[in-house]
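Participant: What follows is a single structure, and I will ask about it in a moment.
The values are calculated or read from the model by the stated rules, or taken from the named source; none is laboratory data. Computed from a prediction, not measured in an experiment: that's the story for all the values here. Glycine also receives a Cβ, built like all others from the backbone with ideal geometry; neighbour counts cover every protein chain displayed.
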Amino acid sequence: MQLKYDYIIVGSGATGAIAAHALVEAGVNVAVLDVGVEDEKYKEIIPNKDFISIRKEDDNQKKYFLGNDFEGIPWQTSKVGSQLTPPRNFLTQLSKKFIPFESDSFSPMESMAKGGLGGGWGLGCYEFSKPELDAIGLKESEMLKAYEAVASHIGISGDKDDAAPYTLRDLKNVMPVSDLEQNLNGIFSSYKNQKNSLNKKGIYVGRTPLAVLTKDRENRRAIQYKDMDLWSDKDKSGYRSWMTIEQLSSNSNFTYHKNCLVIKFREQENGVDVIVKRTDTNEEQIFTCKKLILSPGVLGTARIVIRSFDYKKEQLPVICNPYCYIPCFQWRMLGKEIEQRKTGFGQLMLFLDEDKTNFDVGLAALYSYRSLLLFKLIKESPLNYSDSRILMQYMQSSFTIAGVHHPEKSSATKFIRMKQNVETFTGDILTGQYILSDQELQTNENREKKIKSALKTLGCQPIKTIYTPHGGSIHYAGTLPFSDNGEKFSIHPNGKLAGTKNVFVADGSGFNYLPAKGLTFTLMANAYNVAKNVLKNE
Amino acid sequence: MESKSTAIYEAEQIGHYLLSIPIHDSEKNTYIDAMQKLNIPFSNYEQALWNSMLKSKFKMACIDAGLALKDPNNNARRKLFTMLAILEASPNYTQYFLSRNFSFFYLFKIGAVGIRAVLRAMIGILIVNNIKRKCS
């Protein structure tokens, strides 16, 4: 087996895949080291049909809707990851075994899957504003070019509507927007009728730009509105990072190494040794490269960096968007049939920008409810199951779920800490604490009140607010904050890890701030820039 | 896990309670499989509730309704919930779960179901309290 490469990338998620793509296109010799878990249980048995046809015809549907071990029937679960459907459960498979995390106040989701957490990404794409990029520590001029490059690679559909300053800005590589479903269309129409008064309060509503094709492209099909998006990627309409890895695999200058858990790196005179522990044989392997790019996600990167710097610093900061969701009721949809053609992705966004600075903006991503199945909704009702089924079947089309994200910054009460633990696969364990101050809680509560009030104005009556544990937003950043002072455990804005000559970080570890908007598109754009910087640094 | 015949009886009772129709053998077998895999533990109190629920569809409805308010995560309800999920994930019962266009007059049925649910809950709370008292 070849163990020597010019460039080694750790991780195949959203950032690793984009960095690999940029390097392979430049013609250099690249390897990705990854554990690479894949779905072997369900992928082949899900028919390439729409949700309604499957529900009416497929005798096998219980296998993938409920899971072989009935893991798709949740009970007493509010833990992070419980929203994953059985065919998406492989995303978190083996994480507990190989990269355990312990905390009473922080429950991050980590993935060892091929394509990483990108396999469960909601596909929302947002260009961050200049004040947001400044707060993160990224240069706007460089990021705008990178956004275009990434958009051209992954395919984004969207619209230049009122929300464009918060979503697409002036992005040019955009496909026409997808068809808006009936449930969300009612809210959007209501917004258009009351736009002036809502805008005065800093409320803007618009279409969510999605990494979903609305035109066929190579081996990916335009969205077919089958409403199976949360279960399967059959048409490849929505972008997933593993698609890039599969595409790159046909290139002679690219190699994908599976079953490789990177433990640490060691810098040598002219390159880097990458120490790997194989997850299939438990054996140690040493790869070597000229340049190493870390992108296993911020917690994975923290583990590797702490070990590589001999545990000289065991505690690092972390940030994660506070998140809650608010089931709402829309009277106008009561007793109506949900249309056959729809998608499971959130297609509408509500932004709260009271001071109109495009900074510290709150947001609610709006979704309708169907393909996650009615029984989960029935469980939330305070009535007996039999009567509740009749009522919920009638009301099902009226439910809209608002997923509310808050912006977030670092503080002394939010951190991760590495501890030695001989019982684990790697000999250590990551722990953490995530506590918001009273002032932060109050700010978030006020923001939620204003968002709920706006939802009411739009004909969406909030029913209750459900808080997920910290970590539930699955947006993590800030463990090795961007800084140009060269201090260890920080990252230079060009992506180079301070204290090293040839090690770069392409994930969100350097981000000093997290806007409420989803960060995946920005992570990918940053990874693209880091890859370009690595090439320049040659 | 009880014997197969007990599990089949449970599946029939629950299915009839949830949808008011007899259910197919395939769903009964899936229920048996689910009970073996999930291995839901019962305390003495939960077993007493469950025994009472199996006596009649009326009792099952009332106790379910009482627990929904007082103790929604009681394991007796978990058995009902598991069967509900199994029924939904079967093409035989799709029409009981998918949305459709309801006529205006269906609102009267909805109102009646709502009232019935409240009455069941009131009776259910009394039964649940009584069983709890006996078990403590």
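Participant: Quickly run through the range B:64-80 and pick out the residues that are more than 7 Å from chain A (Cβ to nearest Cβ), closer than 27 Å to residue A:62 by Cβ and over 9 Å from the mean Cα position of the chain (by Cα).
Facilitator: Passing the criteria: B:67, B:72, B:74, B:75.
Participant: May I pose another question? Give the range A:434-465 a look and list any residue that's out of contact with any Cys (no Cβ under 9 Å at 6 or more places or on another chain), of a type in the set (Lys, Arg) and surrounded by fewer than 15 Cβ atoms within 10 Å (Cβ to Cβ), or say none.
Facilitator: A:449, A:464
Participant: Now a separate question. So in the range B:81-136, with the set limited to residues that are hydrophobic (A, V, I, L, M, F, W, C) and in a loop (DSSP other than H, G, I, E, B), which one is farthest from the other protein chains (Cβ to nearest Cβ)?
Facilitator: B:105
Participant: Can I ask one more? Would you pick out the residues in the range A:171-181 that are in contact with a Ser or Thr (Cβ under 8 Å, 6 or more places away or on another chain) and either surrounded by fewer than 18 Cβ atoms within 10 Å (Cβ to Cβ) or in a loop (DSSP other than H, G, I, E, B) (or both)?
Facilitator: Residues satisfying the conditions are A:173, A:174, A:176, A:177, A:178, A:181.
Participant: Further question on the same structure: Starting from residues that are without any contact (Cβ under 8 Å) to a residue 40 or more places away in the chain and either facing chain A (nearest Cβ under 9 Å) or under 14 Å from residue B:93 (Cβ atoms) (or both), keep the ones in the range B:1-24 and report whichever is surrounded by the fewest Cβ atoms within 10 Å (Cβ to Cβ).
Facilitator: B:22
Participant: Could you tell me whether any residue of the range B:40-61 is within 28 Å of residue A:370 (Cβ to Cβ), small (Gly, Ala, Ser) and either assigned to a helix (DSSP H, G or I) or within 11 Å of chain A (Cβ to nearest Cβ) (or both)?
Facilitator: yes
Participant: Related question: Would you call residue A:383 in a helix (DSSP H, G or I) and either crowded, with 23+ Cβ neighbours inside 10 Å or hydrophobic (A, V, I, L, M, F, W, C) (or both)?
Facilitator: In short, no.
Participant: For the range A:354-388, give me each residue that is within 7 Å of another protein chain (Cβ to nearest Cβ) and at negative phi.
Facilitator: Selection gives A:374, A:375, A:378, A:379, A:382, A:383, A:384, A:385, A:386, A:387.
Participant: Now for a separate question. Given (1) within 14 Å of another protein chain (Cβ to nearest Cβ); (2) crowded, with 21+ Cβ neighbours inside 10 Å, identify the lone condition not met by residue A:337.
Facilitator: Only one criterion is unmet by residue A:337, namely (2).
Participant: Answer with yes or no whether residue A:31 is modelled with pLDDT of 95 or more and within 21 Å of the chain's Cα centre (by Cα).
Facilitator: no
Participant: Next question. State which residue is nearest to the other protein chains (Cβ to nearest Cβ) when the search covers only the range A:389-422 and only residues that are of a type in the set (A, V, I, L, M, F, W, C) and part of a loop (DSSP other than H, G, I, E, B).
Facilitator: Within the range A:389-422, the match that is nearest to the other protein chains (Cβ to nearest Cβ) is A:422.
Participant: Could you please find all residues in the range B:62-80 being over 22 Å from residue B:34 (Cα atoms), in a helix (DSSP H, G or I) and either modelled with pLDDT under 95 or of a type outside the set (A, V, I, L, M, F, W, C) (or both)?
Facilitator: Answer for the range B:62-80, where residues must be over 22 Å from residue B:34 (Cα atoms), in a helix (DSSP H, G or I) and either modelled with pLDDT under 95 or of a type outside the set (A, V, I, L, M, F, W, C) (or both): B:66, B:70.
Participant: Here is a further query. Do the conditions hold for residue A:378, that is, is it modelled with pLDDT of 95 or more, over 30 Å from residue A:440 (Cα atoms) and in contact with a helix residue (DSSP H, G or I) (Cβ under 8 Å, 6 or more places away or on another chain)?
Facilitator: Yes.
Participant: Read through the list (1) more than 23 Å from residue A:467 (Cβ to Cβ); (2) within 14 Å of chain B (Cβ to nearest Cβ); (3) at pLDDT below 95, then give the number of the only condition that residue A:312 fails.
Facilitator: Condition not satisfied by residue A:312: (2).
Participant: Sticking with this structure for a sec: If you scan the range A:421-438, which residues turn out to be within 21 Å of residue A:109 (Cα to Cα) and not hydroxyl-bearing (Ser, Thr, Tyr)?
Facilitator: Matches in the range A:421-438: A:421, A:425, A:427, A:428, A:429, A:430, A:432, A:433, A:435, A:436.
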